[in-house]
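The block underneath contains the structure these notes are about, expressed in structure tokens.
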Amino acid sequence: MAWHMRRDSRKIHRWGAIIVALPFLVVLITGLLLQVKKEVAWVQPPSQTGVSTNPQISFDEILEVSRSVSEAGIQEWTDIDRLDVRPDKGIVKVRGVNNWEIQIDTQTGEVLQVAFRRSNIIEALHDGSWFHDSAKLWIFLPSGIVVTILWITGIYLFAIPYLSKRKNRKRFEKLQKQQESSN
């Protein structure tokens, strides 16, 4: 069976779009949410500002302050996913493994904000790891490859009419010149 560029590109484009429709929709929607995460408090709590840019509290004090916030459910270091120190804002963000975030003033040790942080969940959905560890490599990576192929075939299918018109115009001009020279 011979390869027909236009026909086969359309088939690849059509079936590829159907195959990746759901994973690509997840990537698209979560990507849009991640684009605006700093502007939308529902996705990621806005960073507060402490009283000084010179950190004074210790790790032990950070853990003790974090324990005092019941929503976060932090009792020991294993309950903390990460510490995000922002010296320029005078805060440390304590992110619990349960996605609760506590923002603590690094000078006074005061809790500035407690909020649920959805951006980590959205990122896990975006890369597919939320569904299963293998989904990232076996569903979302192939979907990304198929979307790249869709982009290539889409550009080709878009360009075909223009290339055909150009080719036909050159052929017509060549015929006209041949007719003029034979007359």
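Only the coordinates and a few stated rules stand behind these numbers; no lab work does. Keep in mind the model is a prediction, meaning the values are calculated, not measured. Here the Cβ is made from the backbone with ideal geometry for all residues, glycine too, and neighbour counts use every protein chain on show.
Of all DSSP beta bridges located in the range 45-117, what percent are antiparallel, nearest 5?
Within the range 45-117, antiparallel bridges account for around 100 percent of the total.
Bin width 10 Å, origin at 0, all Cα-Cα pairs of the range 63-161: what percent of pairs per bin?
Answer for the range 63-161: a P(r) of 15, 30, 21, 16, 12, 6, 1 percent.
Along the range 100-106, what does the Karplus equation 6.51 cos²θ - 1.76 cosθ + 1.60 (θ = phi - 60°) give for ³J(HN,Hα), rounded to whole Hz, x for Gly and Pro?
7, 10, 10, 9, 10, 5, 6
What is the dipole size for the chain, taken about its Cα centre, with +1 at each Lys and Arg Cβ and -1 at each Asp and Glu Cβ, in debye to the nearest 20? Before the final figure, lay out each step's value.
Values: 24 positive and 19 negative charges, 526 e Å.
Using Cβ point charges on Lys, Arg, Asp and Glu, the chain gives about 2520 debye.
Relative contact order, percent, of the range 45-117 when contacts are C-alpha pairs under 8 Å separated by at least 6 residues? Could the numbers behind the result be given before it?
Details: 156 pairs, mean separation 26.4, N = 73.
36 percent.
From the mean inverse distance of alpha carbon pairs (Kirkwood) and the Cα radius of gyration, derive Rg over Rh for the chain.
Details: Rg = 28.2 Å, Rh = 21.1 Å.
Looking at the chain, the ratio lands at 1.34.
Please list 3J(HN,Hα) in residue order for the range 30-39, calculated via the Karplus relation 6.51 cos²θ - 1.76 cosθ + 1.60 where θ = phi - 60°; whole Hz, with x for glycine and proline.
Calculated HN-Hα couplings, in order: 5, x, 4, 5, 5, 5, 10, 4, 6, 9 Hz.
Give me the dipole magnitude in Debye, nearest 20, for the range 45-117 about the Cα centre, with unit charges on the beta carbon: positive for Lys and Arg, negative for Asp and Glu.
Dipole of the range 45-117, to the nearest 20 debye: 260 debye.
Compute, for the range 58-162, the length of the dipole vector about the Cα centre, with Cβ point charges of +1 (Lys, Arg) and -1 (Asp, Glu) only. Units Debye, rounded to 20. Walk me through the intermediate numbers first.
Working: 9 positive and 15 negative charges, 114 e Å.
Computed charge dipole of the range 58-162: roughly 540 debye.
Could you order the peptides 91-100, 160-169 from most to least packed, using the average number of other C-beta atoms within 10 Å per residue?
On the way: 91-100: 19.6, 160-169: 10.4.
Descending mean neighbour count gives 91-100, 160-169.
Quick one: which residues, 5+ away or cross-chain, put their amide H under 5 Å from the amide H of Thr108? H built at 1.01 Å from N.
Here the answer is Val51, since their amide H atoms fall under 5 Å of that of Thr108.
Between Pro55, Phe131, Pro142, whose Cα lies farthest towards the positive end of the dipole of the range 36-160 when Lys and Arg beta carbons carry +1 and Asp and Glu beta carbons carry -1, centred on the Cα centre?
Pro142
So which lysines pass the test for Lys136, namely a Cα distance under 24 Å, with those fewer than 8 places away in the same chain ruled out?
Excluding near neighbours in sequence, the set is Lys37.
Toward the positive end of the charge dipole of the chain, about the Cα centre and with charges on Cβ (Lys, Arg +1; Asp, Glu -1), which of Val27, Gln178, Ile12 goes farthest?
Looking along the dipole axis, the top candidate is Gln178.
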